[in-house]
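S.K.: Dropping a structure here in structure tokens format, bear with me for questions.
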Amino acid sequence: MRRTGRRDTAPELALRRELHRRGLRYLVDATPPGTNRRRRADLVFRGARVAVFVDGCFWHSCPVHVHRPRANAAWWQVKLGSITARDRDTDARLTQAGWHVVRVWEHEDVVAAADRVHGVVHARRPAAGRNAVRSRAAG
Ligand SMILES: [Zn+2]
């Protein structure tokens, strides 16, 4: 049985490799500081305050690959619906805490996904070193 919270999936490893190759550094499977410790992100960029999730198409109900099992359909609808609701709740909590959330589908092209993450991290990276981080965190 596959688990929703498993880490180190192939798409996640590919994204990590691509971002690392570009010189980006991040925490893996970590709780973004200042948020609920039970909600972990796949990648955390602390300085830029960017949290990245690599979502599996099945468990997170990717719109391109919608697949609802026929057996126990009602149960699956509730199950998958609750995962999606939890995702949106996580997004809201992180945003409220000053984080930028990037969600990547497991089916996405790894270079395109890395471009997206890279762009956001670059744009939000503090320009003037630690003092800038502190003043931003205070505000
Ligand atoms: Zn998909």
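Where a number appears in this text, it was derived from the coordinates with a stated rule and is not lab data. Remember, predicted model here, so these are calculated numbers, not experimental data. Here Cβ is always computed from backbone atoms with ideal geometry, including for glycine, and neighbour counts include all displayed protein chains.
S.K.: Net charge near HIS60: determine it from the other residues with C-beta under 11 Å of the C-beta of HIS60, scoring Lys and Arg +1 and Asp and Glu -1.
M.R.: So the environment of HIS60 carries a net charge of 0.
S.K.: Just add up the charged neighbours of TRP76: K/R +1, D/E -1, any other residue whose Cβ is under 13 Å from the Cβ of TRP76.
M.R.: It works out to a net charge of +3.
S.K.: Something else about it: Give me ARG86, ARG21 sorted ascending by neighbouring Cβ count inside 10 Å, so fewest comes first.
M.R.: Starting with the residue having the fewest Cβ neighbours, the order is ARG21, ARG86.
S.K.: Quick one: which of 62-68, 106-112 comes out on top by average Cβ neighbours within 10 Å, and what's the full order, highest first?
M.R.: Ranked by mean Cβ neighbours within 10 Å, highest first: 106-112, 62-68.
S.K.: Extent of the chain along each principal axis, from alpha carbon coordinates, in Å, largest to smallest?
M.R.: 56, 30, 22 Å, listed from the longest principal axis down.
S.K.: What is the gain in length, in nm to one decimal, between ASP91 and ASN36 on full extension, counting 0.36 nm per residue of separation less the C-alpha to C-alpha distance?
M.R.: Additional length available on full extension: 18.6 nm.
S.K.: Which residue fluctuates the most in the chain, going by a Gaussian network model with Cα springs under 10 Å, if the choices are VAL121, VAL78, VAL50?
M.R.: VAL78
S.K.: Would you list the membrane-span-like helices of the chain, meaning whole DSSP H runs whose alpha-carbon atoms span at least 15 Å along their axis and whose mean Kyte-Doolittle value is at least 0.5?
M.R.: 110-124
S.K.: Here's another thing I want to ask about it. Fewest to most neighbouring Cβ within 10 Å: what's the order for PHE58, PHE53, PHE45?
M.R.: Placing the least packed residue first, the sequence is PHE58, PHE53, PHE45.
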